[in-house]
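One structure is given below, encoded as structure tokens.
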Amino acid sequence: MDLSQVLEIVSRTDPGMVRAHNEDAVYANSGLGMAILADGMGGYNAGEVASGMVTTLLGSELEKAFKQPETRLIDQDGRQQTRSLLEAEISRANNAVYQAAQSQPQYAGMGTTLVMAVFYDNAITVAHIGDSRLYRLRGEEFSQVTRDHSLLQEQIDNGMLTVEQARTSQNKNLVTRAVGVDPSVESEIHEYATLPGDIYLLCSDGLNDMVEDEEIGMTLQMLSANLALAATQLVQMANDNGGRDNVSVILVRVKREFPAPQGLGGWLARLLAWFK
Amino acid sequence: MAKLTLSMDGMMLKEIPLIKERTTIGRKPHNDIQIDNLAISGEHAVIVAILNDAFLEDLESTNGTNVNGQPIKKHFLQNGDVIELGKYRLKYRSEALQQTSQADFERTMIIRPGMMPKSPGPGDAKAAMNDTQAGMPPPPLPAVDRPIARDPVPEPPAAVLRGAIQILSGANAGKEMELTKTLSTLGKPGVQVAVITRRPHGYFITHVEGATFPAVNGKQLDSQAHPLHDHDIIELAGIKMEFFLKD
């Protein structure tokens, strides 16, 4: 199913005001309903290599998979298929980065965060590893959807720090999970129903470390009619506030409903639905 | 690393680096910071370090522990905080402000159980910093990532920017709107909307949506952001308004 008329996707990536290199990477394909964002880490500019590898590998492998109608069959386990496909491909990308890191001394220890969204059948499947985030604007409500895999988030979760205290912590940007730093990685994957009008924001911490969530939400609400301007504005605000890190954003607007077509393989689903 | 500066009556006594997970303060000799004074309890307080953060806790001392004049039980230390125990003062300085390379700040790094993300200082301390490096590849050399100036941000203005819009025509003529927020939208959603952005060095107007673009001083804008100057006249959705700076 071609989702290019259903989804409007805009992306921006910027090195920020301080760093010479941009180690973030973004990828989007509105036709296939995919958005991927990665924030790389490592010595020299190995971070650039790690994030680039992950977005490219995931992008191309999923493109191949989604172009085959069988992958997109909706059956009782329809959502499960997307999930296990993502798990498999993230695992493959993790391996590739890990192997590269082992084989080249200048890439030793490199890794990357990951946040990605796949849109299908009026739903979004979100996978993330690390502290790059997905937010959602629905009507006037703006909220963070993913929960960071970071030291600070763990401290907040077990009551050691309040959210206010975390803002002034010196332990920012310490992630507890990353792609490419271990032989295997566990990604966190969830599905949520989408509604027409929803706007999703994928971003690296270069945005949310420089701009308060409230300001981000307000910007999206006010500029929702012009997604490209909203994206430019978010990056500009991060830079105006110091731009101490690379900043990347991907904005996705759901324009209308997109139920999955039943197709040839859907007869089983329809049969089962008949009996429900 | 973070450090404390001990002083009394304004006179600096010594500087104490915070290298341990727990730094105890009290009158008894076993304390890491021993203060031999009767106003200080045997075990008076402790500073617990979680990597680059530090928490101060009063250990039910007789005379209590203050930070910046306020009595505390448990306190999340901020750079510059002054801890008061009796007549003694301990000024807390966090690590980050002693960073050598600004570009290292804000770098995302992976943290594993038992591992310090930065190399430990001299006088290597305890349990939580057990070296798990044994089986891992050697850490890469620090990146030389020099900060570069990019479209250098102009000097921040001496005064705080305060701009406002006064409506000159239409039903709301005479009304004034202060531009205090980062973004202020003008116009009719779905018909014609422009946004005024408040940036460190000035205000800008940008077209958001609509078939026609706003005009400033009679000239129609393009899709780019346009800087606003004192007394510029904006025309949008048939309404004229004046932008002005408040002193």
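Bear in mind these aren't lab numbers, they're just calculated from the coordinates by the rules spelled out. Keep in mind that this is a model prediction, so the values were computed, not measured. Using ideal geometry, Cβ is built from the backbone for each residue, glycine included, and neighbour counts are taken over all protein chains shown.
With helices as the sole contributors, chain A gives -11000 deg cm²/dmol at 222 nm; each DSSP H run of n ≥ 4 counts as -39500 (n - 2.57), and the sum is divided by every residue. Calculate, for A:Ser103 and A:Glu188, the FRET efficiency according to 1/(1 + (r/R0)^6) with r their C-beta to C-beta distance and R0 22 Å; round to the nearest 0.05. Computed FRET efficiency for A:Ser103 and A:Glu188 comes out at 0.20. Over region A:1-41, the hull volume per residue, using the convex hull of the C-alpha atoms, is 53 Å³. Take the Kirkwood radius over Cα pairs of region A:69-213, plug it into Stokes-Einstein at 20 °C and 1.002 mPa s, and you get 127 µm²/s for translational diffusion.
Between A:Gln144 and B:Thr62, the simple label model (points 7 Å from Cα in the Cβ direction) yields a spacing of 4.6 nm. In chain A the Cα-Cα distances spread across 10 Å bins starting at 0 as 7, 29, 35, 22, 7, 1, 0 percent of all pairs.
Counting only lysines at least 8 places from B:Lys188 when in the same chain, those with an alpha carbon closer than 19 Å to its own are B:Lys175, B:Lys240. Charge tally around B:Glu43: other residues with Cβ under 9 Å, Lys/Arg +1 each, Asp/Glu -1 each, net +1. Partner shielding of B:46-54 amounts to 3, given as the average count of beta-carbon atoms from other chains within 10 Å of each residue beta-carbon.
In this simple spin-label model, placing a label point 7 Å from the Cα along the Cα-to-Cβ direction at both B:Val82 and B:Lys188 gives a separation of 6.1 nm.
Net length available on complete extension from A:Glu257 to A:Val163 is 30.3 nm, with 0.36 nm assigned per residue and the Cα-Cα distance removed. For the residues of A:39-52, the average number of beta carbons from a partner chain within 10 Å of their own beta carbon is 2.
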